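Working notes, structure below.
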């Protein structure tokens with residue numbers, strides 16, 4: 001039985017590779033069924049966000065190449081496409097990695113809280129689909145407990161730093177006052193909602209939220225006195241945006257170069273600031289080639305996120321100590337499972353011996369034998385039969401001091417004799 005965490009993230013792979021390996025939310029069930037059918041794993045959970053795609057799995061045999069083959073086959077990639085960017089964490093390293101990811105220690109923005117919710121959703125999907133079992137269920141239950149403890153016991157989340165915050169902070173560096181700008185947000189998920197909250201705190205007054213489902217867009221917009229529109233209305237409203245922030249789960253770009261060119265003409269070439277927080281990207285790469293457009297992707301936010309991070313780096317050291325202790329505890333539990341078949345066999349053997357001797361004693365009692373003698377014989381026969389096998393093996397051990405010492409520990413014998 002082996003654990004494996006395998007994948008790629010913002011540190012190991014550029015956005016062009018990450019978007020090819022991403023699993024959209026609407027395809028997650030299909031991907032989980034596919035990896036389960038591939039027989040590469042016994043249990044599996046897949047986490048796919050804008051910054052990472054990772055497979056957490058249990059395998060009967062340590063075979064990371066089986067998971068790599070599945071990843072390539074599912075996304076129609078070659079090993080050459082992804083091999084330079086993949087990382088593998090086996091067994092204890094896998095446990096530590098999962099804990100670190102959930103706590104935000106492996107995120108682009110150290111300690112960002114969104115990843116924990118994303119991991120909970122990923123596990124919930126896998127659990128409902130039946131691709132997790134005893135091992136991953138226990139691992140993720142402990143993962144969520146560890147992440148909560150780190151949030152409670154350290155200052156890892158003390159400062160308002162996230163990808164959303166980084167996007168707003170970058171906008172503040174470009175515009176003197178965000179309150180005078182019109183912001184158009186494409187999408188209505190957690191990242192968009194968080195970004196809108198940061199913008200609102202900076203005095204934003206003009207907000208438009210565009211989403212495939214207008215009702216969901218309205219829920220976000222109403223919280224910040226904004227306007228909700230459908231994606232179909234986007235081309236006719238695009239020119240109003242001084243700032244555009246996109247984060248959807250679309251597998252194809254939503255905003256193309258042609259639409260932006262048209263908007264710029266309507267704006268008489270007043271600049272537009274755009275941030276694409278989605279992977280795969282919501283805004284065509286060629287949009288960055290246009291004059292008067294300042295387009296940033298999640299990879300461009302690296303310098304911004306370095307601000308306001310010192311307290312989190314100190315807290316990360318404390319978090320790592322918690323993770324080391326919790327990893328050791330989980331591995332002790334995992335290794336204890338190796339003894340379970342032996343324990344069950346031992347208990348079955350004891351039960352068999354006890355039951356056989358009990359039935360023999362009951363026959364003697366029914367035949368009229370003295371009860372006290374029957375009980376004494378019962379106790380003697382049980383003790384003799386239970387001690388026979390270990391005694392025989394110890395006699396044969398000769399000078400095998402390790403076996404003898406193990407027997408003394410196993411049966412808690414006085415070490416002074």
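Every number in this text was worked out from the coordinates using simple rules, so none of it is lab data. Because the structure is predicted, anything quoted here is derived from the model rather than measured. Every residue, glycine as well, gets a Cβ built from its backbone with ideal geometry; the counts of neighbours run over all protein chains shown.
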Fill in the blank from the handout: For the range 163-306, one quarter of the surface area of the C-alpha convex hull, expressed in nm², comes to 7.6 nm²
Completion exercise
Cβ density ranking, 10 Å radius, fewest first, applied to 359, 233 yields 359, 233
Completion exercise
The exposure ranking of 165, 56, fewest beta-carbon neighbours within 10 Å first, is 165, 56
Fill in the blank from the handout: proj_area_mean for the range 94-176 (convex hull on C-alpha atoms), units nm², value 6.4 nm²
Problem - Ellipsoid equivalent to the range 300-417 - semi-axes via the Cα gyration tensor, in Å - result: 57, 20, 12
Problem - Helix 340-366 axis, angle to the chain major axis (alpha carbon atoms, nearest 10°) - result: 30 degrees
Fill in the blank from the handout: Quick P(r) readout (the range 1-151; Cα-Cα; 5 Å bins; whole %) gives 2, 10, 21, 25, 23, 14, 5, 1, 0
Exercise for the section: Would you calculate a helix-derived [θ] at 222 nm for the chain, using -39,500 (n - 2.57) for each DSSP H run of n ≥ 4 and dividing by the full residue count, to the nearest 500? Expected result: -17000 deg cm²/dmol
Fill in the blank from the handout: Expressed to one decimal in nm², the mean projection of the alpha carbon convex hull of the chain is 30.3 nm²
Problem - Sequence of 10, 127 once ranked by neighbouring C-beta atoms within 10 Å, starting from the fewest - result: 127, 10
Fill in the blank from the handout: Relative to the chain, whose Cα atoms define the longest principal axis, helix 134-153 and its Cα axis are tilted in degrees, nearest 10, by 60 degrees
Fill in the blank from the handout: For the range 341-402 the translational diffusion coefficient, Stokes-Einstein from a Kirkwood Rh over Cα pairs at 25 °C and viscosity 0.890 mPa s, in µm²/s, is roughly 183 µm²/s
Handout entry: Rounded to 10°, Cα long-axis angle of helix 163-174 versus longest principal axis of the chain
Key = 20 degrees
Completion exercise
Contact order relative to length for the chain, counting C-alpha pairs under 8 Å separated by 6 or more residues, stands in percent at 14 percent
Completion exercise
Note on the range 123-221: alpha-carbon gyration tensor, axes a ≥ b ≥ c; rule is a/c under 1.5 for rounded, else prolate if a/b larger than b/c, else oblate; result oblate
